[in-house]
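Participant: Pasting a structure here, questions to come.
The values are calculated or read from the model by the stated rules, or taken from the named source; none is laboratory data. As the structure is a prediction and not an experimental result, all values here were calculated from the model. Positions of Cβ are backbone-derived with ideal geometry, glycine not excepted, and every protein chain shown enters the neighbour counts.
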Amino acid sequence: MISIKSARLTGVKRGRVRGKAMKLKKTGLITKIVILILTVYAAVSLSNIHGRIDAARQERDQKALEAQSLEAGNAVMRSEIEHSDEAETIIHIAREKFNLVLPGETVYYDIGG
């Protein structure tokens, strides 16, 4: 930090360096327009990327739910395969898919409703 006394002794005084005036270069209109265009482009690109990220997240969540559903279905099928030799499973499939009954069973049809 330069104190006021040291600034006066070395010739540094409010915008002057050793007797020369400090000049700030003014930016031209074209430069300002280019900077504005680049800023707008960056904002639009960022918005588009944000939208694509949201869409990808939704798709990821949907695929995760689908994977869970498929895994549950696979577990059921594995269980069915493991128990396919059991008599109860065979009887259940015969009743459900082929409408079969065991000998001595009577089938009643409900025609009322």
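Participant: Any idea which residue in segment 18-53 is modelled with the lowest pLDDT, counting only those that are hydroxyl-bearing (Ser, Thr, Tyr) and assigned to a helix (DSSP H, G or I)? Can you show your working first?
Facilitator: Taking segment 18-53 first, the residues hydroxyl-bearing (Ser, Thr, Tyr) are 27, 31, 39, 41, 45, 47.
Still in the list and also assigned to a helix (DSSP H, G or I): 31, 39, 41, 45, 47.
Details: Thr31: 90, Thr39: 97, Tyr41: 97, Ser45: 96, Ser47: 94.
Here the answer is Thr31.
Participant: Given (1) assigned to a helix (DSSP H, G or I); (2) modelled with pLDDT of 85 or more; (3) exposed (fewer than 10 other Cβ atoms within 10 Å of the Cβ), identify the lone condition not met by Lys5.
Facilitator: Every listed condition holds for Lys5 apart from (2).
Participant: If you don't mind, there's one more thing I want to ask. For a quick check of your reading of the model, give me the residue pairs whose first member lies in segment 59-81 and is in contact (Cβ under 8 Å) with a residue 60 or more places away in the chain and closer than 25 Å to Ile91 by Cβ, whose second is hydrophobic (A, V, I, L, M, F, W, C) and surrounded by fewer than 10 Cβ atoms within 10 Å (Cβ to Cβ), with beta-carbon atoms closer than 9 Å and at least 6 apart or on different chains.
Facilitator: Listed pairs, sorted by first residue: none to list.
Participant: Moving on. May I ask you to list pairs of residues, at least six apart or on different chains, whose Cβ atoms are under 8 Å apart, with the first in segment 94-106 being under 15 Å from Ser84 (Cβ atoms) and of a type in the set (A, V, I, L, M, F, W, C) and the second being outside any loop (DSSP other than H, G, I, E, B) and at pLDDT below 90?
Facilitator: none
Participant: Taking segment 82-91 as the search range and keeping residues that are surrounded by 10 or more Cβ atoms within 10 Å (Cβ to Cβ) and assigned to a helix (DSSP H, G or I), which one is nearest to the chain's Cα centre (by Cα)?
Facilitator: Filtering segment 82-91 for residues surrounded by 10 or more Cβ atoms within 10 Å (Cβ to Cβ) gives 82-84, 86, 89-91.
Now drop any that are not assigned to a helix (DSSP H, G or I), which leaves 82, 89-91.
Values: Glu82: 38, Thr89: 43, Ile90: 46, Ile91: 47 Å.
This residue is Glu82.
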